[in-house]
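A.B. asks: Sharing a structure below in structure tokens format, with a few things to ask.
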Amino acid sequence: MNLSFFDQFMSPSLLGIPLVLISMLFPTLLFPSPNNRWISNRYSTIQLWFLNLTTKQLLTPLNKKGHKWALILTSLMTFLLTINLLGLLPYTFTPTTQLSMNMALAFPLWLATLLTGLRNQPSASLGHLLPEGTPTPLIPALILIETTSLLIRPLALGVRLTANLTAGHLLIQLISTATTTLLPIMPMVSILTVIILLLLTILEVAVAMIQAYVFVLLLSLYLQENI
Amino acid sequence: GPLLERPLMEVRLGELHTWISTCDFSPQGLLGTVQKAWNSYYAKYINVRRGGPAGISMLLTGYCLLSYSWNYQHLKRYRWRKYH
């Protein structure tokens, strides 16, 4: 059995049930539906406050038609945020380290924004391929470049999320292995490595939140161009 | 009789097999059991007037333990390994 550093990204299965299934369903438990009392419990209140904050932040730049996307953008944001943060707990599995899942989220949503733009305002959508004020000889090259950058957006969205989280998890595993291996040999270096590990963990918490936000923000930006 | 549909905490050990035989093991039945269990946990620990971090922390600790048990076959070989 090959024990490498990448084994943390394989989802183990017990009795035929893979852990990825439970990891993806667990966030639903953490977001109970608010009951129709005037003052609900503190947990629901904090969540509703947070959801209001993110919804206002994401949807202010969008026009009225874009507000139809409110539910999917907000639920995507909370989903990614919860999954990223839960992955930092010990022994848990993070589904967003799998490229398959991130591409499955990024590609259809990006395609939806593109098709919305092409359907409702085709000339304006195509007009985005050429920035204003470009010198005339550069126009063919620039259209090719802008088309490439448009078509690479879903790949960038998916790979950005995957790469950030995978790199963070790998770094944490490497540095913690170094700490435990160095502890009997050179305790002072081991303590230094522990400090690095603590700082890295704080960074990983920040990265988890930022990456979820960036994913949804970029999608809302692509939507703004096209709606 | 009154043995059926009693909650699990009120069933005596000797009657356990009889109680299990009256359980509904269809998918809807299992889903109903899971929902009832979650609702009683939620009502007791999270949906309280002055809650704190305890309810959610217990849930997250349970999730960590569940993940550990799912990973156990892999982790024990990692523990037994001489060189990492």
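A.B. asks: Taking the solvent-accessible surface of protein heavy atoms with a 1.4 Å probe, what is the per residue accessible area of the range A:1-125 in Å²? Walk me through the numbers before you get to the answer.
C.D. replies: Values: 7350 Å² over 125 residues.
For the range A:1-125, the per-residue accessible area is 59 Å².
A.B. asks: Could you compute how much accessible surface residue A:103 exposes when probed at 1.4 Å, giving the result in Å² to the nearest 10?
C.D. replies: So the heavy atoms of residue A:103 present about 50 Å² to solvent.
A.B. asks: R0 = 35 Å: FRET efficiency of residue A:198 with residue A:75, Cβ-based, nearest 0.05?
C.D. replies: On the way: r = 33 Å, r/R0 = 0.93.
Approximately 0.60, to the nearest 0.05.
A.B. asks: For the pair residue A:128 and residue A:186, how long in nm is the line joining their label points, each one 7 Å along Cα→Cβ?
C.D. replies: Once both label points are built, they end up 5.2 nm from each other.
A.B. asks: Then there is this: For A:56, A:68, B:76, give the ranking by accessible area with the largest first, probe 1.4 Å. Kindly include the intermediate steps, with their values, before the conclusion.
C.D. replies: On the way: A:56 140, A:68 170, B:76 45 Å².
Descending order: A:68, A:56, B:76.
A.B. asks: Obtain the nm distance between the two label points defined at residue A:60 and residue A:145 by a simple spin-label model: each point lies 7 Å from its Cα along the Cα-to-C-beta direction.
C.D. replies: Label at residue A:60, label at residue A:145, 3.2 nm between them.
A.B. asks: Sticking with this one: Could you run the numbers on buried accessible area between B and A, total for both chains, 1.4 angstrom probe, in Å² to the nearest 100?
C.D. replies: Interface area, both chains combined: 2500 Å², rounded to the nearest 100.
A.B. asks: Report in % the part of the accessible area of the range B:8-78 that belongs to carbon and sulfur, leaving out ligands and nucleic acids; probe 1.4 Å. Can you show the working numbers first?
C.D. replies: On the way: 3380 of 5200 Å².
Here carbon and sulfur together make up 65 percent of the probe-accessible area.
A.B. asks: So, one more: Enumerate the amide H contacts of residue A:14 below 5 Å, restricted to partners 5 or more residues apart or on another chain; note that Pro and chain-start residues carry no placed amide H.
C.D. replies: Correct list: A:19.
A.B. asks: Also: How much of residue B:70 can a 1.4 Å solvent probe reach, expressed as accessible area in Å² and rounded to 10?
C.D. replies: That residue has around 30 Å² of solvent-accessible surface.
A.B. asks: Moving to a separate point now. Residue farthest toward the positive end of the dipole of the protein assembly as shown, with Cβ of Lys/Arg at +1 and Asp/Glu at -1: which of A:125, A:168, A:99?
C.D. replies: Farthest towards the positive pole: A:168.
A.B. asks: Relative to the longest principal axis of chain B, what angle (0 to 90°, nearest 10) does the C-alpha long axis of helix B:27-41 take?
C.D. replies: 80 degrees
A.B. asks: Under a 1.4 angstrom probe, counting protein chains only, how are B:17, A:128 ranked by accessible area, largest first?
C.D. replies: Working: B:17 135, A:128 90 Å².
My answer, sorted largest first, is B:17, A:128.
A.B. asks: Run lengths n ≥ 4 of DSSP H only: what is the helix-derived mean residue ellipticity at 222 nm for chain A, with -39500 (n - 2.57) per run over all residues, to the nearest 500? Show your work: numbers first, answer last.
C.D. replies: Details: 8 runs with 158 residues, N = 227.
Mean residue ellipticity at 222 nm (helix-derived): -24000 deg cm²/dmol.
A.B. asks: Here's something else I'd like to know. Expressed in nm to one decimal, what extension gain is obtained for the pair residue A:25 and residue A:107 from 0.36 nm per residue of sequence separation less their Cα-Cα distance?
C.D. replies: Numbers: separation 82, 0.36 × 82 = 29.52 nm, distance 2.15 nm.
Result: 27.4 nm gained on full extension.
A.B. asks: Okay, moving on. Please give the length that would be gained between residue A:53 and residue A:138 if that part of the chain were fully extended, namely 0.36 nm times their separation in residues minus their C-alpha to C-alpha distance (nm, one decimal). Numbers along the way, then the final one.
C.D. replies: Values: separation 85, 0.36 × 85 = 30.60 nm, distance 4.30 nm.
Contour length minus Cα-Cα distance gives 26.3 nm.
A.B. asks: Please report the accessible area of residue A:225 (heavy atoms, 1.4 Å probe, ligands and nucleic acids excluded) in Å², nearest 10.
C.D. replies: About 70 Å², rounded to the nearest 10.
A.B. asks: A follow-up question, please. Based solely on C-alpha atoms, express the radius of gyration and the Dmax of the protein assembly as shown in angstrom.
C.D. replies: 24.9, 90
A.B. asks: In what sequence, largest accessible area first, do A:21, B:60 appear using a 1.4 Å probe?
C.D. replies: Working: A:21 95, B:60 45 Å².
Heavy-atom accessible area, descending, gives A:21, B:60.
A.B. asks: Under 19 Å between alpha carbons, and skipping anything fewer than 8 positions from residue B:44 in its own chain: which aspartates and glutamates qualify?
C.D. replies: B:10
A.B. asks: Here is a follow-up. At a 1.4 Å probe, which residues in the range B:52-73 are at least 20 Å² less accessible with all protein chains present than in their chain isolated?
C.D. replies: B:56, B:59, B:60, B:63, B:64, B:66, B:67, B:68, B:70, B:71
A.B. asks: Taking a label point 7 Å from the Cα of residue A:5 along the Cα→Cβ vector, which residues of the range A:146-176 have an amide N closer than 12 Å to it?
C.D. replies: A:167-176
A.B. asks: Output the 0 to 90 degree angle, nearest 10, between the alpha-carbon long axis of helix A:187-226 and the longest principal axis computed from the alpha carbons of chain A.
C.D. replies: Value to nearest ten degrees: 20.
A.B. asks: Further question: What number comes out for accessible area per residue over chain B if the probe is 1.4 Å? Units Å², please. Walk me through the intermediate numbers first.
C.D. replies: Values: 6660 Å² over 84 residues.
I get 79 Å² per residue for chain B.
A.B. asks: Please identify, among A:127, A:158, A:87, the residue showing maximal mean-square fluctuation in a Gaussian network model of chain A using a 10 angstrom Cα cutoff.
C.D. replies: Checking each option, the largest mean-square fluctuation is seen for A:127.
A.B. asks: Return the distance in nm (one decimal) between the two label points of a simple spin-label model at residue A:45 and residue B:77, each offset 7 Å from Cα along Cα→Cβ.
C.D. replies: 5.1 nm
A.B. asks: Output the residues of the range B:8-41 meeting this criterion: accessible area (heavy atoms, 1.4 Å probe) in the chain alone minus accessible area with all protein chains in place is 20 Å² or greater.
C.D. replies: At a threshold of 20 Å² (probe 1.4 Å), the residues of the range B:8-41 that become less exposed are B:38.
The values are calculated or read from the model by the stated rules, or taken from the named source; none is laboratory data. Here the structure is a predicted model, which is why all the values come from computation and not from measurement. Backbone-built Cβ (ideal geometry, glycine too); neighbour counts: all protein chains shown. Areas reflect the complete protein model, heavy atoms only, side chains present, ligands, DNA and RNA absent. Shrake-Rupley method; radii C 1.70, N 1.55, O 1.52, S 1.80 Å.
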